[in-house]
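Below: the structure, in structure tokens.
FYI, it's all coordinate maths here, none of it is from the lab. Given the structure is predicted, the values throughout are model-derived calculations rather than measurements. Ideal geometry is used to build each Cβ from the backbone, glycine not excepted, and the neighbour counts take in all protein chains shown.
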Amino acid sequence: MANKEFVRDDGRKFDELRPMTAKVGVVPNADGSAMFSFGKTIAIAAVYGPKELHPRNQRDPAKGTLRCNYNMLSFSVEDRIRPGPSRRSTEISKITEWALGPVVMIDEYPNMVIDVHIQIIQASASTRCAGINAAAMALAHAGIPMKSIVSSVSVGKLDKQLILDVNKYEDSVFDEGEGATDIPITFTSDEKITHFQLDGKISNEQLKEVIEMARKARKEIYEVQKKALKEALN
Amino acid sequence: METPELTGNRMKKYLEGGKRFDGRGVEEYREMIIETGVSANAEGSARVKLGKTEVLVGIKMGVGEPYPDSQDKGNLMVTAELLPLSSSRYENGPPKFPAIELGRVTDRIIRESKFIELNKLVIKEGEKVWTVFVDIYSINDDGNLLDAAGIGAIAALKTAKIPKYDEKEGKVLFGEWTTKNIPLSKETPISITLHKIGNRFVVDPTLEEEDIAETRLTIGRTKDNISSMQKGNPQPISIEDLHKAIDLSEKMYTEVFKRIEKVVK
């Protein structure tokens, strides 16, 4: 059960998000771009397309292709990452495609591709969630037709305590009792789930609570995304 | 998506009269914005904007073995990535020539000017030395990444702190820093890239100007000395022009140094 009085290492309440910032238009060359941050985790995303897909044999005459690429800058973490793709970044890229895919009206672009590039500038856990949030905004900024905007958040469990928006300590240092569980979830704005991952250990009961916590947080994140997109129009 | 010939011809015509599309003079830089400390987990970092061009440079350090030919010196490693995020011209995949050149030219600007006192980065001679990683990423390419990267590398190095090192365990305590800076020489090298278009040299070209330039010359220099040079593009350059470029680079050094001085002091 979530102890409502629980205070986290960074002083947050159990169901409190880190301060969020969002900005649209951070990469002038791109057709759409955005920055999204949860506290110290900063992601930027740029959209190029729709454009012709090369090589031609990868083209789909029935619908367009959404291609996501997630990457962390070598100095975004304390222990330098070797530049270039890794198994982890390859998986997250695909997960991001799946998280965004259901809302992007890709059928309108047969034979075309929309490229979404995500870079993590500074990392303090929940990077894939920040990346997905930035990507959703960048797609909207690029004027790609979408059924809704997706919003992503991570819920964690420290021993038996549920927490919202996992930070670095909670993700990689905490190791007591049942250990740490990390559950990133992405919702559409009508609260369908397009992405769900879980690593750790949790009961059925508590997992339902997790979904409810994430659902509530989704609204807050969505408002931040929407506000930044509206500001870009002014 | 190269610059169309029609646009190119018009640009050249303008330049004959000393005018550029964006209204700048030929020896005028775009607005330069330098921010340091932009990535909290890096030992040092900088964001450099030249007009719409933006690069991020981060410094990380690690402990490793010295190279066989420099047992009494720390190591320097400079890499650059031209992110597909930064331009429709770049693609995912192994680094292509422009990214390799960007890393290598920036490496030489730092290394050949002896900007980092690598001999002071030795923990145990012949066994353990610090490696300084300088990683450069393009965020938006609107020309002159070479100078933006050079300036970014200098700014990031000047503001970097050496991480703590546990000698007993032989481990770097990442995320904990000493108060020590990376030992640097007093003279700051700067990358000055000149592009010859028609009969003129221009500084700080936009992407369009880079596209139509006949020759490119990158000069890594301090106030008094040149320590690295690279000529790019396949067109030749006359001796007379080379002399001009050398003199111009001295003038531009003073100009650029004034702008970065405030930020990195």
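Miscellaneous remarks
- Once the C-beta distance of B:Lys251 and B:Arg89 is scaled by a Förster radius of 45 Å, the resulting FRET efficiency is 0.90 to the nearest 0.05.
- When the listed pairs A:Lys51/A:Lys226; B:Lys60/B:Lys171; B:Lys73/B:Lys128 are checked against a 21 Å cut-off, the alpha-carbon distance exceeds it for A:Lys51/A:Lys226.
- With 5 Å bins from 0: P(r) over the range B:19-264, alpha-carbon pairs, percent: 1, 6, 14, 18, 19, 16, 11, 8, 4, 2, 1, 0, 0
- Per-residue ellipticity at 222 nm computed for the protein assembly as shown from its helices equals -9000 deg cm²/dmol, with DSSP H segments shorter than 4 residues left out and the rest contributing -39,500 (n - 2.57).
- A:Asp175 paired with B:Asp224, simple spin-label distance in nm, labels 7 Å along Cα-to-beta-carbon: 5.6
- Two-site FRET efficiency, B:Glu5 against A:Lys13, from Cβ-Cβ distance with R₀ of 60 Å, rounded to 0.05: 0.45
- A Förster radius of 35 Å, combined with the Cβ-Cβ distance separating B:Asp166 from A:Arg87, puts the computed FRET efficiency at roughly 0.75.
- Taking label positions 7 Å along the Cα-Cβ direction at both B:Glu112 and B:Asp22, the computed distance is 2.7 nm, reported to one decimal.
- Dipole of the range B:127-202 [Lys/Arg +1, Asp/Glu -1 at C-beta], most positive-end residue of B:Ala160, B:Ser138, B:Val172: B:Ala160
- Model label points for B:Arg104 and A:Asp79, set 7 angstrom from Cα along the Cα-to-Cβ axis, are 3.2 nm apart.
- For the range B:19-264: relative contact order, % (alpha-carbon pairs under 8 angstrom, 6 or more apart): 22
- Whole-number D in µm²/s for the range B:196-265 (Stokes-Einstein; Kirkwood sum over Cα pairs; 37 °C, 0.692 mPa s): 249
- Put a plus charge on the Cβ of each Lys and Arg, a minus charge on the Cβ of each Asp and Glu, and nothing anywhere else: the dipole of chain A about its Cα centre is then about 580 debye.
- Residue-count net charge about B:Pro68 - beta-carbon cut-off 15 Å; Lys, Arg +1, Asp, Glu -1: -3
- Computed from the Kirkwood radius of its Cα pairs, the Stokes-Einstein diffusion coefficient for the protein assembly as shown at 10 °C and 1.306 mPa s stands at 65 µm²/s.
- Within-12-Å neighbourhood charge of B:Lys231 [Cβ basis; K, R +1; D, E -1]: -1
- Contour excess over end-to-end distance, with Cα ends at A:Asn111 and A:Gln58 and 0.36 nm allotted per residue: 18.2 nm
- Zone of A:Phe196's modelled label, taken as backbone nitrogen in the range A:72-115 under 18 Å from a point 7 Å along Cα→Cβ: A:95-103
- Among A:Asp165, A:Asp175, A:Asp79, the largest mean-square fluctuation in a Gaussian network model of chain A, built with springs joining Cα atoms closer than 10 Å, belongs to A:Asp79.
- Net charge of neighbours whose Cβ lies under 15 Å from the Cβ of A:Asp107, counting Lys and Arg as +1 and Asp and Glu as -1: +1
- GNM flexibility winner over chain B from B:Gly74, B:Gly93, B:Gly64 (Cα, springs under 10 Å): B:Gly93
- The charge dipole of the range B:12-141, taken about its Cα centre with unit charges on the Cβ of Lys, Arg, Asp and Glu (plus for the first two, minus for the last two), comes to roughly 460 debye.
- Signed unit charges on C-beta, dipole axis of the range B:172-265, positive-most listed residue B:Pro183, B:Leu248, B:Pro205: B:Pro183
- Karplus-derived HN-Hα couplings along the range A:196-205 (A = 6.51, B = -1.76, C = 1.60, θ = phi - 60°), whole Hz, x at Gly and Pro: 8, 9, 8, 9, x, 8, 7, 8, 3, 3
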